[in-house]
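Taking it in order: structure first as structure tokens, then the write-up.
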Amino acid sequence: MRLGSMNGLQFKQLKLVILAFFMLFLLWKWEKGTYYDSGILQPDPLVLTDPANSKFVDQHTSSEEDFPNADPLPQSVVKVEKQNTGAPPPLTMVGYSVDVADENEMPPPEKKECSYRNGKWVSDNRRPLYSGFGCKQWLSESWSCRLTQRADFAYEKFRWQPEACEMPEFEASQFLRRQILTWTYFRMQDKTIAYVGDSLGRQMFQSMMCMVTGGKQRPDVEDVGAEYGFVLAPGAKRPDGWAYRFSSTNTTILYHWSSTLCDLEPLNPSDHATSYAMHLDRPPAFLKNNLHRFHVLILNTGHHWNRGKLRANKWEMYLGGAPNNNRNIAVIWKAKNFTIHSVIKWLDTQIPHHPQLKVFYRSISPRHFFNGDWDTGGRCDNMNPLAKGSGIRLNHSEDTDAEGAVRGTRIKLLDVTALSRLRDEGHISRYSIKATPGVQDCLHWCLPGVPDTWNEILAAQL
């Protein structure tokens, strides 16, 4: 009887030992990841959209610039997001006992990376940041839609809410004045902000002037354009730029017109009708001569890269100081990309010599011509905000050329393309001061409007 009971006890112990070894084997297999392949406790796969299916903007040329006429909003979004597997946590062996991790001890959620590119437009009745009526000192009449026949101004009442980013409300006084004892992102006292680019860059410059002044008259702001060579040349409609200094904080804000970011050189300086060498591999002389004076530099180009503009302005492509014979660069969109990479590369080599300088390249501003182009009856009549949606979630910029140019450099991309694409109701459209029928402007923006958001994103990164 005693022998039978001992044999029974030994058999139970043997079963426990076998069970323990089996559990150790399970744990070993779990750690090796074998069961992911065998189908046991298999987690859900990563949600992954093929980038080939993502309708990023085609950067090839159209009749006016590099975006196709239809200008569709990408429907596919390149997004990687790990799903909750629902599988139990790994088993932990302690002696012969089995412990299961406490379900309440969940790891903290992953912190999302700040991306001003991603986010959503939200309604904000505190907008706009200034009055289109009041900012006459800095704002071109043709861009102030409050002065036109337009009657709907809902486009003024939105702000951009970026994903996982701290973007405080823009405060003009904080932006201009250095603050020591309070938290602030804006410290532009004794500094110079320079916008260099085309007419969209000029819109951004005028937007900043209106934002900083609150759209009010400021007799204390000094015109210092002459210090930068901004004088009206004989026969010219306007100077090559504007520069203003706020005497109370010694802050200078300026704009220089350089629509292609190439150095332009008259082929025959004594002839007023001369053609110009458009040096694809040289940055504008204005940048070379004044870079040491800047603290913040914002560049852009894009919409002037077409054959019509080159012919009208008598620009001839030059490379290495001679007419361009490189067929790989002769195509407009390739020439544009070559120039962007060239000027970004040059600036990247200059930043170590100017440690005070922050450089931003702004991605291209989208056009919204529907049912035609600018010269074939294209229109942008929509007055309903956010008709295409309110949010953006992209892993890459829609302006792939700009993103590629700044990659690996110290120049930051001010990526505004996708968020601006949602705002087709914000263009000047058919409205004008004189109320005369004509070509619709589906390229430039009403101010106040979308370019204010570009400046807010810029300010948040200073």
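The values are calculated or read from the model by the stated rules, or taken from the named source; none is laboratory data. Quick caveat, the model's predicted, so the values are computed rather than measured. Here the Cβ positions follow ideal geometry from the backbone for every residue, glycine too, while neighbour counts run over all protein chains shown. For accessibility, only protein heavy atoms count, side chains too; no ligands or nucleic acids. Shrake-Rupley method; radii C 1.70, N 1.55, O 1.52, S 1.80 Å.
Of all DSSP bridge pairs formed entirely within segment 119-461, close to 55 percent run antiparallel.
At the residue level, W346 shows approximately 50 square angstrom of accessible surface with a 1.4 angstrom probe and all protein chains present. Just so you know, the Cα atoms of segment 349-462 work out to an Rg and Dmax of 16.9, 52 Å.
Taking amide H atoms as placed 1.01 Å from N in the peptide plane, the amide H of D263 lies under 5 Å from those of H279, R282, each 5 or more residues away in sequence or on another chain.
When you restrict to C-alpha pairs under 8 Å that are six or more residues apart and normalise by the size of segment 119-461, the relative contact order lands at 22 percent. By definition, a body whose alpha carbon gyration tensor gives a ≥ b ≥ c is oblate when a/c is 1.5 or more and a/b is not larger than b/c, and segment 142-257 fits this oblate description. Other residues whose C-beta falls under 14 angstrom from the C-beta of A277 contribute a net charge of -3, scoring Lys and Arg +1 and Asp and Glu -1.
Ordering D240, D381, D348, D223 by accessible surface, largest first, gives D223, D240, D381, D348; the 1.4 Å probe counts only protein heavy atoms, with every chain in place.
Looking at segment 228-352, the DSSP beta bridges with both ends there are about 75 percent antiparallel. Ignoring any ligand, DNA or RNA, what whole percent of the accessible area of segment 119-461 comes from carbon and sulfur when the probe is 1.4 angstrom? About 50 percent, which is the carbon plus sulfur part of the accessible surface.
The protection proxy used here, the mean number of other Cβ atoms lying within 10 Å of each residue, ranks peptides 244-251, 320-327 as follows, highest first: 244-251, 320-327. By its C-alpha gyration tensor, with a ≥ b ≥ c as the square roots of the eigenvalues, how is segment 119-461 shaped: rounded for a/c under 1.5, else prolate for a/b larger than b/c, else oblate? Note, shape of segment 119-461 comes out rounded. When the residues W160, W242 are ordered by accessible surface, computed with a 1.4 Å probe over the protein chains alone, the sequence from largest down reads W242, W160. Applying the Karplus relation 6.51 cos²θ - 1.76 cosθ + 1.60 with θ = phi - 60° to segment 221-238 yields 3J(HN,Hα) values of 7, 9, 7, 10, x, 4, 5, 10, x, 8, 10, 7, 6, x, x, 7, 7, 7 Hz, where x marks Gly and Pro. The residues of segment 119-461 have, on average, 43 Å² of accessible surface per residue, using a 1.4 Å probe with all protein chains present. Per residue, the average separation of C-alpha pairs within less than 8 Å and at least 6 apart gives segment 376-424 a relative contact order of 50 percent.
Cα gyration tensor of segment 249-341, axes a ≥ b ≥ c as square roots of the eigenvalues: rounded (a/c below 1.5), prolate (a/b > b/c) or oblate? In terms of gyration-tensor shape, prolate.
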